[in-house]
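*Asks:* This is the structure, below, for whatever I ask next.
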Amino acid sequence: MFYDIKKSGERIRQLRKARGMTQEQVAMKLNIGDRYLRKIENGENGPSIDTLVEIAALFGVSLDYIIMGCQSQDDLKQRLRIAIQNLSALAEEL
């Protein structure tokens, strides 16, 4: 296994889209430019460790997942909780 910035960028893009966020929204939360986030998602630039930590915290996943694509059981449980919360909120709107 090795760090593949293209695959890592794609995982970041998938996390962003799964939460219904735009690149501009995520960039604002991370205090980075949306152009820089676009390059990260496209695999043109690898983010700094600090930015990786902030991305992992924002999306509630581990650095292992962002960097290597590995998910722990805790990550899967957290993502399931988030999905349930989102579905519950959507059901209340209906």
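*Asks:* Here are some conditions: (1) closer than 24 Å to Gln85 by Cβ; (2) under 11 Å from the mean Cα position of the chain (by Cα); (3) open to solvent by 60 Å² or more (accessible area, probe 1.4 Å). Glu10 meets all but one. Which one does it not meet?
*Replies:* (1)
*Asks:* Looking only at residues in the stretch 8-34 that are basic (Lys, Arg) and at pLDDT 95 or above, which one is farthest from Cys70 (Cα to Cα)?
*Replies:* By that ranking, first place goes to Lys29.
*Asks:* Just for the stretch 28-50: of the residues that are closer than 17 Å to Ser8 by Cα and of a type in the set (A, V, I, L, M, F, W, C), which one is surrounded by the fewest Cβ atoms within 10 Å (Cβ to Cβ)?
*Replies:* Ile49
*Asks:* Is there a residue being surrounded by fewer than 16 Cβ atoms within 10 Å (Cβ to Cβ) and under 12 Å from the mean Cα position of the chain (by Cα) anywhere in the stretch 75-89?
*Replies:* No, the stretch 75-89 contains no residue that is surrounded by fewer than 16 Cβ atoms within 10 Å (Cβ to Cβ) and under 12 Å from the mean Cα position of the chain (by Cα).
*Asks:* Let me ask you something else. Which residue out of Ala57, Ala18 is aliphatic (A, V, I, L, M), under 30 Å from Leu90 (Cβ atoms) and exposed (fewer than 13 other Cβ atoms within 10 Å of the Cβ)?
*Replies:* Ala57
*Asks:* May I pose another question? Within the stretch 38-46, is there a residue that is modelled with pLDDT under 95, in contact with a Phe, Trp or Tyr (Cβ under 8 Å, 6 or more places away or on another chain) and not basic (Lys, Arg)?
*Replies:* yes
The values are calculated or read from the model by the stated rules, or taken from the named source; none is laboratory data. Because the structure is a prediction, the values reported are computed rather than measured. All Cβ positions, even for glycine, are placed from backbone atoms using ideal geometry, and neighbour counts span all protein chains on display. To get the accessible areas, we keep the full protein, side chains included, count just its heavy atoms, and leave off ligands, DNA and RNA. Shrake-Rupley method; radii C 1.70, N 1.55, O 1.52, S 1.80 Å.
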